[in-house]
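Let me begin by presenting the structure, written as structure tokens, before commenting on it.
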Amino acid sequence: MLELFAREVKEGLSQSPKRLSSKWFYDSIGDSLFIRIMNLPEYYLTKSEEEIFAKKTYQILSSLVPDSGEFDLFELGAGDGSKTMHLLTALKTRKFTYRPIDISSNSIDNLQKRVAEELPSIEVEGMQGEYFEVLAKLTTGRPKIILFMGSNIGNMLDERANEFLLKLSAVMEVGDRLLLGVDLIKDESVILPAYNDSEGVTAEFNLNLLDRINRELGGDFDRKHFKHTPQYDKESGVAYSYITSMIEQDVKIDALGQTYHFVEGEKVFTEVSRKYDEKALAAITNHTSLKLVDRIFDSKEYFCDAIYEKE
Ligand SMILES: C[S@@+](CC[C@H](N)C(=O)[O-])C[C@H]1O[C@@H](n2cnc3c(N)ncnc32)[C@H](O)[C@@H]1O
């Protein structure tokens, strides 16, 4: 993983404009910061999807889970799995294996421990890895249910999201089901604070990426000369996160044997968070063999869990 991190940081900082992939946010410090973000009043995404999982568990079950027989429940980018616990609790008398997948080994370890303690009857087999890498390993011979929650799909722009769902549908068998959690287009006054909270936890989460480069790759980023600067583009329905250099400066990264120059005001792109409406959702499932079977909303209609069946 360290080799891949080094390669991607090198590629990203050599581009113009510079970029760093959001998947590297999640080391053990990033994981704990993300748990704090999920509990912030401004971060409506988790609360909205949590409400769906807590209050509409049985609707999810009837649209997503086969009435009888064994199956595998995969979760891509599971994080702390707190919302999934509602579903797991409702499924505890069924015979299945819960297979969470995450790039963060820390998340997988914690989640496995939590399920073993709280729901000991459930078999868990976590896997550390990148979505694309582990997709090929999803074949188990049993029907598959795949969870891709938290609007993680929105961290890919439409073309990549469509490509991703094409690959995902290609490893699914006819009848397998996918739950795709998406954040819906709404007023900027609700969206932007979710990426720029008043306590500065999101800023800390973004800037931890520079600390991670310092820790793991011997970088000399000086945090006080960088700032978290999110933006929301109403026209496209996309929130962008950037780390902006506040001064002209050079940053050396020993493991890469490189020094990178930043001009004052230069932005490093870190994350995209796409918001969806019906049309945008249809655009990313186009040309896949996934048929929409249900859409489940929270009471404010901020978030949607869309359920698809492989045809
Ligand atoms: C925004 S968090 C959401 C967590 C969870 N799905 C939820 O809804 O609360 C994203 C999670 O996906 C994981 N992740 C991000 N990029 C990934 C990738 N390319 N492959 C595997 N996991 C990834 C992160 O480690 C993190 O745990």
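From the list Thr93, Thr84, pick out the single residue that is polar (S, T, N, Q) and within 13 Å of the ligand (Cβ to nearest atom).
So the residue among Thr93, Thr84 that is polar (S, T, N, Q) and within 13 Å of the ligand (Cβ to nearest atom) is Thr84.
Return the only residue of Asp176, Asp183 being touching a strand residue (DSSP E or B) at 6+ places or on another chain (Cβ under 7 Å), surrounded by 18 or more Cβ atoms within 10 Å (Cβ to Cβ) and within 24 Å of Glu235 (Cα to Cα).
Asp183
Given the conditions (1) of a type outside the set (Ser, Thr, Tyr); (2) in the same structural domain as Leu179 (by TED's automatic domain parsing); (3) within 16 Å of the ligand (Cβ to nearest atom), and given that Lys55 satisfies all but one, which numbered condition is not satisfied?
Failed condition: (3).
Tell me yes or no: at least one residue of the range 227-241 is touching a residue at least 40 places away in the same chain (Cβ under 8 Å), loosely packed, with under 13 Cβ neighbours inside 10 Å and under 28 Å from Lys300 (Cα atoms).
Yes: one or more hits.
Among the residues of the range 132-145, is any outside any helix (DSSP H, G or I), touching a Pro at 6+ places or on another chain (Cβ under 9 Å) and not acidic (Asp, Glu)?
Within the range 132-145, one or more residues are outside any helix (DSSP H, G or I), touching a Pro at 6+ places or on another chain (Cβ under 9 Å) and not acidic (Asp, Glu).
Would you please name the residue that is nearest to Ser241 (Cα to Cα), looking only at residues in the range 160-195 that are touching a residue at least 60 places away in the same chain (Cβ under 8 Å) and assigned to a loop (DSSP other than H, G, I, E, B)?
Checking each candidate, the answer is Tyr195.
Test Ile60 against the criterion of being crowded, with 19+ Cβ neighbours inside 10 Å and modelled with pLDDT of 95 or more, and give yes or no.
In short, yes.
Being touching a residue at least 40 places away in the same chain (Cβ under 8 Å) and more than 23 Å from Asn106 (Cβ to Cβ) is the filter; apply it to the range 15-40 and report the residue that is nearest to the ligand (Cβ to nearest atom).
In this case the residue turns out to be Arg19.
Could you tell me whether any residue of the range 64-76 is touching a helix residue (DSSP H, G or I) at 6+ places or on another chain (Cβ under 7 Å), within 16 Å of the ligand (Cβ to nearest atom) and in the same structural domain as Tyr302 (by TED's automatic domain parsing)?
Yes, some residue in the range 64-76 is touching a helix residue (DSSP H, G or I) at 6+ places or on another chain (Cβ under 7 Å), within 16 Å of the ligand (Cβ to nearest atom) and in the same structural domain as Tyr302 (by TED's automatic domain parsing).
Does the range 272-292 contain at least one residue that is over 30 Å from Pro143 (Cα atoms) and among the acidic types (Asp, Glu)?
no
When both residues are 6+ apart or on different chains and their Cβ atoms are under 8 Å apart, which pairs have a first residue that lies in the range 113-135 and is in the same structural domain as Arg94 (by TED's automatic domain parsing), and a second that is within 13 Å of the ligand (Cβ to nearest atom) and of a type in the set (Phe, Trp, Tyr)?
Cβ pairs passing all conditions: Tyr131/Phe164; Phe132/Phe164.
The values are calculated or read from the model by the stated rules, or taken from the named source; none is laboratory data. Here the structure is a predicted model, which means the values were calculated and not measured. Every residue, glycine as well, gets a Cβ built from its backbone with ideal geometry; the counts of neighbours run over all protein chains shown.
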